[in-house]
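The values are calculated or read from the model by the stated rules, or taken from the named source; none is laboratory data. The shown structure was predicted, so the numbers you read here are calculated from the model rather than taken from an experiment. Every residue, glycine among them, receives a Cβ derived from its backbone with ideal geometry; neighbour counts consider all protein chains shown. Quick note on the areas: whole protein, heavy atoms, side chains included, nothing else; ligands and nucleic acids left out. Shrake-Rupley method; radii C 1.70, N 1.55, O 1.52, S 1.80 Å.
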Amino acid sequence: MKASLDGSNQSGEKMAAMDELPLVLVHALPPFEISFKGRLQSRFQLIDSLDSTFAPHVSVLLCVGPSPVSSDTLRHLPSLQCIVGSSAGVDHIDLAECRRRGITVTNAGPSFCEDGADFAIGLLIDVLRRISAADRYVRAGLWPMKGDYPLGSKLGGKRVGIVGLGNIGSEIAKRLVAFGCRIAYNSRNKKSSVSFPYYANICNLAANSDILIICCALTKETHHLINKDVMTALGKEGVIINVGRGALINEKELVQCLEQGQIRGAGLDVFENEPDVPKELFELENVVLSPHKAIATPESFASLQELIVGNLEAFFSNKPLLSPVNLE
Amino acid sequence: MENICVLLTYPVPEYLVQELEKRFTVFKFLEVASNPQLLREISNSIRAIVGTAVCGADAGFIDALPKLEIVASYSVGFDKIDLVKCKERGITVTNTPDVLTDDVADSAIGLALATLRRICVCDRFVRSGKWKKGEFELTTKFSGKSVGIVGLGRRGSAIAKRAEAFGSSISYHSRSEKQESNYKYYSNIIDLATSCQILFVACALTKETHHIVDRKVIDALGPKGIIINIGRGAHIDEPELMSALLEGRLAGAGLDVFEHEPEVPEELLGLENVVLQPHVGSDTVETSVAMSDLVIDNLEACFQNKPVLTPVI
């Protein structure tokens, strides 16, 4: 082995350690990094480069943030069996190649779903009740003239269409029921354990909803899922909330619909070309914009740490993974 | 009923003005106030006042209007109405409970989410172009936090129901324990504040609840605590709240009401850990129509000598 020819003491130590601790490749493209390396190093042997001599022996890859795992990445790792993800989305991973090679993938959904749901609802109430717009109004000293301040729209009784009833979607539904909303959903497949009405066709869901909350995975099939037709079906009183991925919505058409009053408003945490945001949106009072932070709390990252360590330990002790992604 | 004269003591939504004008002769105080002669002429004819949370009917108004029979408030709060004087004169007072409960509770939760998750700050961050230069900070999780509610009436209960769906533990303080409630009761508001991280103020404003949230309560809530006020500004000792926020002894506040509306203390305007609203807790099109209809129904009942629908006294 190359390492044994390399006279450095560090490699010698690494060779010895390799027998004791399981090997994990930490795949982190700048600027992404993990804050709990120390904790992992006490349990696992970490390498951080695809070019490492140990790469061919690696059975687990820890994917940090949206660092891409392409088929090229996977070619460097002939022994890979599992990818442990650290984000809710897995659209940066070549899932088709993983499926072909029988590589399992875990995501961070369970760590982030409560925060994601909280933020989606925060955005929704903000858009309907104009919270950010009213906050700006007060800070600008305009309240004394409030006589003409526009009224908001009531949340209770509204029909909410959830696009993607996964971890985050389920948490959103649970919360909105308490506000008196009526829930329906669209998803790849109908969920037999769920009693909310299911719409296989997204336009039908939109036509029967006052609010659409987008929280599904981004795949080839769901790219630009929300387009002008869906927004027209939703109607002039409709509100769209997106906490999934920017590319789930045709952004050009969304901006047009908002500018022309074809929908009531939107709350957006994600955009097609972050951090670029269409500047037309900055002129609008009926949108609430957020810099892709729906799930970002110290609590969710603490939970994420536990989930990642849990998934790694489950893999190495042949126990069921905590948050596997269905690759079908 | 067109001959019945009604005085509007504060601006109300256009829908209510239109409905009133269909049925009565309406005078708007802000318009007639500058015309002392007109004021004198009509004061003998005014039989009803429609007031709001901002301006109702104080002793001055009541004394000036000898024919006043009813004060129908476009609000659930009636702290701006001199109830003692009304009782003396046999004047009916009505408010608009229930129809606005959901909206106020939604607003309270929306304020809590906006405060903890810094949603308004996020929006400013993106609009200002700062996202291109760097990432936004982490914000504090809402779900699962301990919630304390001051006042478990209609609004307090509606807030509790929503907060429960977020996994919050709920406790409350009120004049007396509610036997039908499963939430933990604290007879002392300091104990409530000690036990929770998010404190919602949702009780009625009375002599006893004036400044019910004072320095001691703020200290008990602590530097990680946030206060959401959808009651009345006077529930909170505003200068104490200000200094706690400025000195970091309180993590944040979501405020829909202030002691001297529409004045908001200038120091609040520069803070990122507060969310400020211009008393819009019940301001939706749907609720505004429902509240307006209730005001009209109360007035019509009164002038048809029928029992009013939602009397305060």
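If only one of A:Asn242, A:Asn273 is more than 10 Å from chain B (Cβ to nearest Cβ) and out of contact with any Leu (no Cβ under 8 Å at 6 or more places or on another chain), which one is it? Write out each step before concluding.
Numbers: A:Asn242 fails: out of contact with any Leu (no Cβ under 8 Å at 6 or more places or on another chain).
Exactly one residue qualifies, and that residue is A:Asn273.
Across the range B:123-145, what is the number of residues that are open to solvent by less than 30 Å² (accessible area, probe 1.4 Å) and touching a strand residue (DSSP E or B) at 6+ places or on another chain (Cβ under 7 Å)?
Looking only at that region, the number is 3.
All but one of (1) outside the structural domain of A:Val163 (by TED's automatic domain parsing); (2) modelled with pLDDT of 95 or more hold for A:Gly265, so report the exception by its number.
(1)
Name the residues in the range A:299-328 that are of a type in the set (D, E, K, R), assigned to a helix (DSSP H, G or I) and more than 8 Å from every other protein chain (Cβ to nearest Cβ), would you?
Passing the criteria: A:Glu306, A:Glu313.
Give the residue that is surrounded by the most Cβ atoms within 10 Å (Cβ to Cβ), with candidates limited to residues of the range B:160-169 that are of a type in the set (A, V, I, L, M, F, W, C) and more than 18 Å from B:Lys224 (Cβ to Cβ).
The qualifying residue surrounded by the most Cβ atoms within 10 Å (Cβ to Cβ) is B:Ala160.
If we scan the range A:165-175, do we find a residue that is assigned to a loop (DSSP other than H, G, I, E, B), in contact (Cβ under 8 Å) with a residue 12 or more places away in the chain and either within 14 Å of chain B (Cβ to nearest Cβ) or surrounded by fewer than 17 Cβ atoms within 10 Å (Cβ to Cβ) (or both)?
no
Only one of these is open to solvent by 50 Å² or more (accessible area, probe 1.4 Å) and closer than 19 Å to B:Gly51 by Cα: B:Ile313, B:Ile296. Name it.
B:Ile313
Would you be able to tell me the number of residues in the range B:236-273 that are touching a Leu at 6+ places or on another chain (Cβ under 8 Å), within 11 Å of chain A (Cβ to nearest Cβ) and not hydrophobic (A, V, I, L, M, F, W, C)?
Total meeting the criteria: 2.
Mind listing just one residue for me: the one in the range A:276-298 that is in a loop (DSSP other than H, G, I, E, B) and at the interface with chain B (Cβ under 8 Å from one of its Cβ atoms) and, of those, farthest from A:Ser86 (Cα to Cα)?
The residue in question is A:Val277.
Taking the range A:124-145 only, how many residues are of a type outside the set (Val, Ile, Thr), within 7 Å of another protein chain (Cβ to nearest Cβ) and touching a Ser or Thr at 6+ places or on another chain (Cβ under 8 Å)? Let's see the steps before the verdict.
Pass one, the range A:124-145, residues of a type outside the set (Val, Ile, Thr): A:124, A:126, A:128-130, A:132-137, A:139-145.
Next, only the ones that are within 7 Å of another protein chain (Cβ to nearest Cβ) stay: A:126, A:129, A:132, A:134-135, A:137, A:139, A:143-144.
Next, only the ones that are touching a Ser or Thr at 6+ places or on another chain (Cβ under 8 Å) stay: A:126, A:129.
The total comes to 2.
Within the range B:58-75, take every residue that is among the charged types (D, E, K, R) and in a loop (DSSP other than H, G, I, E, B) and give me the one that is farthest from B:Met291 (Cα to Cα).
The selected residue is B:Lys67.
Out of the range A:157-182, which residues are under 21 Å from the mean Cα position of the chain (by Cα) and under 24 Å from B:Val285 (Cα atoms)?
Hits for the range A:157-182 are A:Val160, A:Gly161, A:Arg175, A:Leu176.
Residue-by-condition table, conditions (1) of a type in the set (A, V, I, L, M, F, W, C); (2) at pLDDT below 95:
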residue: B:Asn188; (1), (2): no, no
residue: B:Gln197; (1), (2): no, no
residue: B:Phe200; (1), (2): yes, no
residue: B:Thr206; (1), (2): no, yes
residue: B:Thr209; (1), (2): no, no
residue: B:Arg215; (1), (2): no, no
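Give me the pairs: first residue in the range B:301-313 and among the hydrophobic types (A, V, I, L, M, F, W, C), second residue assigned to a loop (DSSP other than H, G, I, E, B) and open to solvent by 70 Å² or more (accessible area, probe 1.4 Å), beta-carbon distance under 7 Å, and six or more apart or on different chains, which are they?
The qualifying pairs are B:Ala301/B:Pro307; B:Ala301/B:Leu309; B:Phe303/B:Met1; B:Val312/B:Phe78.
Of the residues A:Ser87, A:Ser79, only one is surrounded by fewer than 18 Cβ atoms within 10 Å (Cβ to Cβ), more than 14 Å from chain B (Cβ to nearest Cβ) and part of a loop (DSSP other than H, G, I, E, B); which?
A:Ser79 is the lone residue from the list that is surrounded by fewer than 18 Cβ atoms within 10 Å (Cβ to Cβ), more than 14 Å from chain B (Cβ to nearest Cβ) and part of a loop (DSSP other than H, G, I, E, B).
B:Leu113: touching a helix residue (DSSP H, G or I) at 6+ places or on another chain (Cβ under 8 Å) and either open to solvent by 20 Å² or more (accessible area, probe 1.4 Å) or more than 9 Å from chain A (Cβ to nearest Cβ) (or both), yes or no?
no
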